[in-house]
């Protein structure tokens, strides 16, 4: 009988039919987010909203992982921060022509005026801002070729 609702077991089958591999814990989290009334049943709108929330979390984690990989590849001296020399080396590796002034501007945009290094968090925040704004005139976008070229 069709009621317009699905239970946890049906939701797991639905997720699998959509090609999503989720363990029981992940499925329970999605279902819990959707079943706000605690009835043990969810409708399509609740399911859709819970899935959108889950996908946003997954995308954020993937993005953070991509940032970490690129940052680690650029941090060749393993200091935990990016220096002028690290950025210069990364640019050379990917064949990007960049001036010393542009590197200084990138560091300032990421870490603040007068900074000489960029932490992972500053780098990740910079990448997020660059993608959100897609501001082609900003030095933020100068980091993008390294991120894409190194990963």
Of (1) in the same structural domain as residue 26 (by TED's automatic domain parsing); (2) without any contact (Cβ under 8 Å) to a residue 12 or more places away in the chain; (3) touching a helix residue (DSSP H, G or I) at 6+ places or on another chain (Cβ under 8 Å), residue 52 fails just (3)
Taking interchain pairs and intrachain pairs at least six residues apart, which have beta carbon atoms under 7 angstrom, with the first residue in the range 118-147 and within 16 Å of residue 74 (Cα to Cα) and the second crowded, with 16+ Cβ neighbours inside 10 Å and modelled with pLDDT under 60? 126/140; 126/143; 127/143; 127/147
Run down 110, 90 and say which single residue is in the same structural domain as residue 121 (by TED's automatic domain parsing), surrounded by 17 or more Cβ atoms within 10 Å (Cβ to Cβ) and more than 15 Å from residue 127 (Cα to Cα). 90
Which numbered condition trips up residue 79, out of (1) surrounded by 15 or more Cβ atoms within 10 Å (Cβ to Cβ); (2) in contact with a strand residue (DSSP E or B) (Cβ under 9 Å, 6 or more places away or on another chain); (3) touching a residue at least 12 places away in the same chain (Cβ under 8 Å)? (1)
Among the residues of the range 63-70, are any over 29 Å from residue 3 (Cβ atoms), touching a helix residue (DSSP H, G or I) at 6+ places or on another chain (Cβ under 8 Å) and free of Cβ contacts under 8 Å to residues at least 40 places away in the same chain? no
Go over the candidates 65, 82, 15 one by one and state the one that is under 30 Å from residue 117 (Cα atoms), not in a loop (DSSP other than H, G, I, E, B) and not assigned by TED's automatic domain parsing to the domain that holds residue 129. 65
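The values are calculated or read from the model by the stated rules, or taken from the named source; none is laboratory data. Just so you know, these numbers come straight off a predicted model, no measurement behind them. With ideal geometry, Cβ positions are generated from the backbone for all residues, glycine too; neighbour counts draw on all protein chains shown.
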